[in-house]
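Take a look at the structure below.
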Amino acid sequence: MTGFVLYIHVLAAASWVGGAMLLFVLGVFMRDKEAIRTVYHHIGPLYGYFESVVLLVILASGTYLYMAYGLHYLWNGPDVMLSYYLYTKIYLVLFMVFITVVHMYISLKAHGRERTIIEKIISRGTSLGIFILNLIVLYFAVQIGTIL
């Protein structure tokens with residue numbers, strides 16, 4: 001059962017990171033402002049709902065794996081590096097969930113209309129934050145997998 005949950009966890013994480021990277025790169029490299037608006041108008045809400053489900057799967061499967069592998073005993077356990085990587089990853093994921101909620105709130109609130117300057121700043125800042133955090137969390141996940 002644990003192997004299946006790990007598979008689901010990695011699949012959901014790949015969907016989360018891949019989708020976030022694709023939309024971030026589209027926003028950065030597409031030069032046609034109207035094309036960007038059209039893409040985000042049509043894909044944004046669908047992606048947001050899909051990613052909400054994927055994020056819940058990541059959190060649920062991650063919690064299951066945390067308990068199933070007995071990692072909750074690591075707070076100050078003998079493997080200091082594993083404990084460091086694991087808890088840093090958990091805190092980063094929790095922060096990423098927070099900024100994702102903020103990003104989705106702004107995006108859904110402004111869907112179908114021009115965003116205010118503050119909404120643009122918050123939306124782009126949280127998008128950049130999610131992009132960077134994805135890369136950092138992925139690094140920590142690889143380190144944890146290497147140790148385990």
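Could you list, in sequence order, the residues of region 102-132 that are over 15 Å from Leu23 (Cα atoms) and in contact (Cβ under 8 Å) with a residue 24 or more places away in the chain? Val102, Leu108, His111, Gly112, listed by residue number. Kindly evaluate Ser61 against the criterion of being polar (S, T, N, Q), assigned to a helix (DSSP H, G or I) and farther than 22 Å from Val25 by Cβ. Taking the combined requirement at face value, the residue satisfies it. One residue stands out in region 41-63 among those that are in contact (Cβ under 8 Å) with a residue 60 or more places away in the chain and not small (Gly, Ala, Ser): the one that is nearest to Ile8 (Cα to Cα), namely Pro45.
Taking region 15-39 as the range and being within 18 Å of the chain's Cα centre (by Cα) and not β-branched (Val, Ile, Thr) as the test, the residues that pass are Ser15, Trp16, Gly18, Gly19, Ala20, Met21, Leu22, Leu23, Phe24, Leu26, Gly27.
Scanning region 67-90 for residues that are within 30 Å of Phe50 (Cα to Cα) and of a type in the set (A, V, I, L, M, F, W, C), we see that the one that is modelled with the lowest pLDDT is Leu71.
Count of region 99-145 residues, restricted to those that are among the polar types (S, T, N, Q) and on the phi > 0 side of the Ramachandran plot, is 0. For region 2-34, which positions are touching a residue at least 24 places away in the same chain (Cβ under 8 Å) and farther than 19 Å from Leu135 by Cα? Residues satisfying the conditions are Thr2, Val5, Leu6, Ile8. Among the residues of region 115-148, those that are assigned to a helix (DSSP H, G or I) and among the charged types (D, E, K, R) comprise Glu119, Lys120, Arg124. Of everything in region 91-114 that is within 16 Å of Tyr47 (Cβ to Cβ) and part of a loop (DSSP other than H, G, I, E, B), the residue that is modelled with the highest pLDDT is Ala110. If you go through region 17-66 and keep only what is modelled with pLDDT under 85 and among the aromatic types (Phe, Trp, Tyr), you end up with Phe24, Phe29, Tyr40. Among the candidates Tyr85, Tyr66, Tyr49, the residue that is surrounded by fewer than 16 Cβ atoms within 10 Å (Cβ to Cβ), in a helix (DSSP H, G or I) and out of contact with any His (no Cβ under 9 Å at 6 or more places or on another chain) is uniquely Tyr49.
The values are calculated or read from the model by the stated rules, or taken from the named source; none is laboratory data. Note that the coordinates shown come from a computational prediction; the quantities given were computed from them, not determined experimentally. Positions of Cβ are backbone-derived with ideal geometry, glycine not excepted, and every protein chain shown enters the neighbour counts.
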